[in-house]
Amino acid sequence: AMATAGPRSFSAAEVRARCAQGACLVSCRRRLYDLSGFVRLHPGGEQLLRRRAGTDVSAALDGPPHRHSENARRWLEQYYVGDIEPGDEQVPPRGPAGGTRAMMGAGGISSLCGVPQVLVQHYNPCLLPQDLVDWQKPLLWQVGYLGEKYDEWVHQPVDRPIRLFHSDFLEFLSKTAWYVVFMVWTPVVLYLSWVSYTSLAQGNTRLFSSFTTEYSIPVHKYYFPFIFLLGMILWSLLEYLIHRFVFHMKPPASNYYLITLHFLLHGQHHKSPFDSSRLVFPPVPASLVIGFFYGVLRLLLPEVLGLSVFVGGLCGYVIYDMMHYYLHYGSPKKGTYLYGLKAYHVKHHFEHQKSGSFGISTRFWDYPFRTLIPEETFKKED
């Protein structure tokens, strides 16, 4: 059997040289990590990590301002590349920040696990622990066998892509680039908005006309923006309810099919939260769900009124999907609304997966439903 090479040792000078070239290396109690492929995804912002390049982040992990969760610390281990040589633990900060380009992937280090590094990837496969599934095979048909171990496993995120299906065609339908959602549904929103407005302009739409003609209420075309806004608000509520009660249901450990369904609907996203091809809803299955809600509104409201509410909700959905992608891959400016929302959503993935922060495009519904994540407080220890 071939002997497995141990972890590499890095001198302080080598770390400084790598950081000067644009890599983002940090240490934690002599263990060295290459975060070059993660800097843009960091919820605290890229510049925060780059300012810490070449330094020990042990104290920063414990906060303030933020105490990193066990999942965050486990996530860090995916980028382990070796140890700082004894006596060189305190690596001085690198030179001028922001003047070099980020070296994406693990290419900032010349060798991982004793093997020359030529692959472009964000995680270190040599250091991943023995998992409960075979990542070389489609996961969808494996997760149901995890039983009582599934809930804990699926909420321990990793930085690697997921394959769901054996079929290349089904796998293709299960993945979507973020801009596809915008390109497919925005023309639909614009067209249906025009249809709704022109139909209301004819003056034939009345509320309660099926019950009484004498007291029915006319719906003028000037009401369309308010009906449209109502649809967006209803979508935000629906977004919260689906996320909390459907996506975050806990399937029975003994039910293979419900576990498989949960993983297909949402579990895959929590297992690999930065898989860029699985952050938005693919148009083909989305069209089935959207068609269902359109049918419900047609049954409950007059035709044009139902269409007007529907198109507002559809617009809300498009905004939600775009925002969800941005909360994972965007770098909002510190202090902005989106910066706070990104940090809030990342906490949902790494620390509060089951107990809170179910609102994505807004925190509003977390308030009345009492699922708002409390702010962290730090007390001085004696």
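The values are calculated or read from the model by the stated rules, or taken from the named source; none is laboratory data. From a predicted model like this one, the values you see are computed outputs, not experimental measurements. No Cβ is skipped: glycine too gets one built from the backbone with ideal geometry, and neighbour counts run over all protein chains shown. When the accessible area is computed, the model is the full protein with side chains, heavy atoms only, and any ligands, DNA or RNA have been set aside. Shrake-Rupley method; radii C 1.70, N 1.55, O 1.52, S 1.80 Å.
Are there any pairs, at least 6 apart or on different chains, whose C-beta atoms fall under 6 Å, with the first in the range 271-294 and without any contact (Cβ under 8 Å) to a residue 40 or more places away in the chain and the second part of a helix (DSSP H, G or I), and if so, which? Hits for this filter: Tyr294/Phe310. Within the range 281-298, the presence of at least one residue that is basic (Lys, Arg) and exposed (fewer than 15 other Cβ atoms within 10 Å of the Cβ) is confirmed.
A quick yes/no check of all residues on (1) under 20 Å from Ser355 (Cα atoms); (2) modelled with pLDDT of 95 or more; (3) not basic (Lys, Arg):
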residue	(1), (2), (3)
Met249	yes, no, yes
Tyr257	no, yes, yes
Thr260	no, yes, yes
Gln268	yes, yes, yes
Ser276	no, no, yes
Ser287	no, yes, yes
Val296	no, no, yes
Leu307	no, no, yes
Val311	no, yes, yes
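Out of curiosity, is His248 within 30 Å of Trp135 (Cα to Cα) and free of Cβ contacts under 8 Å to residues at least 60 places away in the same chain? Here the answer is no, as His248 does not meet what is asked. Residues in the range 237-294 that are within 12 Å of the chain's Cα centre (by Cα) and part of a helix (DSSP H, G or I): His266, Gly267, Gln268, His269, His270, Lys271, Ser276, Ser277, Arg278. Just one of the listed residues (Tyr317, Tyr337, Tyr294, Tyr326) is within 18 Å of Val39 (Cα to Cα) and not β-branched (Val, Ile, Thr), namely Tyr326.
Of all the numbered requirements in (1) modelled with pLDDT of 55 or more; (2) not assigned by the TED database to the domain that holds Pro285, Arg163 misses one, and that requirement is (2). Within the range 323-336, the set of residues being in contact (Cβ under 8 Å) with a residue 24 or more places away in the chain, buried (at least 16 other Cβ atoms within 10 Å of the Cβ) and out of contact with any helix residue (DSSP H, G or I) (no Cβ under 6 Å at 6 or more places or on another chain) comprises Met323, His324, His328. Please work out if Phe182 is open to solvent by 90 Å² or more (accessible area, probe 1.4 Å), touching a residue at least 24 places away in the same chain (Cβ under 8 Å) and either touching a His at 6+ places or on another chain (Cβ under 9 Å) or outside any loop (DSSP other than H, G, I, E, B) (or both). The answer is yes for Phe182.
Only one of the listed residues (Arg51, Arg31, Arg16, Arg40) is open to solvent by 10 Å² or more (accessible area, probe 1.4 Å), basic (Lys, Arg) and in contact with a strand residue (DSSP E or B) (Cβ under 8 Å, 6 or more places away or on another chain). That residue is Arg31.
Residues in the range 142-154 that are part of a loop (DSSP other than H, G, I, E, B) and surrounded by fewer than 14 Cβ atoms within 10 Å (Cβ to Cβ): none. Considering only the range 296-309, I want to know if a residue exists there that is closer than 26 Å to Met249 by Cβ, β-branched (Val, Ile, Thr) and outside any loop (DSSP other than H, G, I, E, B). Checked the range 296-309: at least one residue is closer than 26 Å to Met249 by Cβ, β-branched (Val, Ile, Thr) and outside any loop (DSSP other than H, G, I, E, B).
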